[in-house]
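What follows is a set of notes on a single structure, which appears directly below.
The values are calculated or read from the model by the stated rules, or taken from the named source; none is laboratory data. The structure presented is a predicted model; accordingly, all values stated were derived computationally and were not measured. We place every Cβ from the backbone using ideal geometry, glycine too, and count neighbours over all the protein chains shown.
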Ligand code: SAM
């Protein structure tokens, strides 16, 4: 037990169950992962609040509810391999690691990549690989994936990511015509050549910067 256990439990009850997150595996993962370890010492007392928090380099760790919602939308099973674009603090990757067999997570900012890598080692998260590169191109080396989570807002859905889904695979991505507001989309690959898209409503993410994202 850490000193944040009660805050974490309240986060799960009020912010997640209270807003309709029902998947027991996701609730268990969010109960387990110590979110306070993924923010700076100065912000630890705020780690379980219902909001994103700054992690440096003008980037954020996403609001807990948004992490839970995106994981739920991915419909992960224990044998899945998931790709996350936008490692940030490493928190969402740690949650994903509780829900599937292997997680590959990509971050474009070297300092955040190194920090997330060391946080994940310190938090003893075993099944996550962290890479520093342009995730708007996906990560072809280990494709195809059962699930892809994009934790930054794209101007359009990158074809590179759609092509790295297995048949039946799911891509959850915020897409919007401005850098500050997006619609959260779930795209399912229904066959080699066809995809189904659902729009789950408005969200606000930092921009996906890269060749298939926004210009820097
Ligand atoms: N999932 C993160 C967490 O749990 O802390 C929060 C992600 S933060 C909202 C978005 C991250 O996406 C930032 O760290 C940003 O640097 C990263 N990012 C933006 N464009 C990227 C790209 N093309 N490839 C990889 N990472 C990118």
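The stretch 7-89 holds strands (runs of 3 or more DSSP E) entirely within its bounds, and those carrying 1 or more residues that are within 13 Å of the chain's Cα centre (by Cα) map to 59-61, 81-85. If you take the residues in the stretch 200-213 that are out of contact with any helix residue (DSSP H, G or I) (no Cβ under 9 Å at 6 or more places or on another chain) and outside any loop (DSSP other than H, G, I, E, B), which one is surrounded by the fewest Cβ atoms within 10 Å (Cβ to Cβ)? If we take residues in the stretch 200-213 being out of contact with any helix residue (DSSP H, G or I) (no Cβ under 9 Å at 6 or more places or on another chain) and outside any loop (DSSP other than H, G, I, E, B), then 201 is surrounded by the fewest Cβ atoms within 10 Å (Cβ to Cβ). Figure legend. Inter-residue proximity from the stretch 98-110: first residues over 22 Å from residue 57 (Cα atoms) and in contact (Cβ under 8 Å) with a residue 60 or more places away in the chain, second residues part of a strand (DSSP E or B) and more than 8 Å from the ligand (Cβ to nearest atom), beta-carbon distance below 8 Å, spacing 6+ or different chains. Indicated pairs: 99/82. Reported count of residues in the stretch 90-104, each being assigned to a loop (DSSP other than H, G, I, E, B) and within 10 Å of the ligand (Cβ to nearest atom), is 1.
Among the residues examined, residue 211 qualifies as touching a residue at least 40 places away in the same chain (Cβ under 8 Å), within 11 Å of the ligand (Cβ to nearest atom) and over 17 Å from the mean Cα position of the chain (by Cα).
Only one entry in 149, 76 is closer than 23 Å to residue 192 by Cα, more than 9 Å from the ligand (Cβ to nearest atom) and crowded, with 24+ Cβ neighbours inside 10 Å, namely 76. Filtering 2, 45, 50 for residues that are at pLDDT below 95 and surrounded by fewer than 15 Cβ atoms within 10 Å (Cβ to Cβ) leaves a single hit, 2.
Close contacts from the stretch 172-187, counting a first residue that is more than 12 Å from residue 202 (Cα to Cα) and a second that is part of a loop (DSSP other than H, G, I, E, B) and at pLDDT below 95, with Cβ to Cβ under 7 Å and a gap of 6+ residues or different chains, come to none at all. Scanning the stretch 24-78 for residues that are touching a residue at least 60 places away in the same chain (Cβ under 8 Å) and on the phi > 0 side of the Ramachandran plot yields 58, 75.
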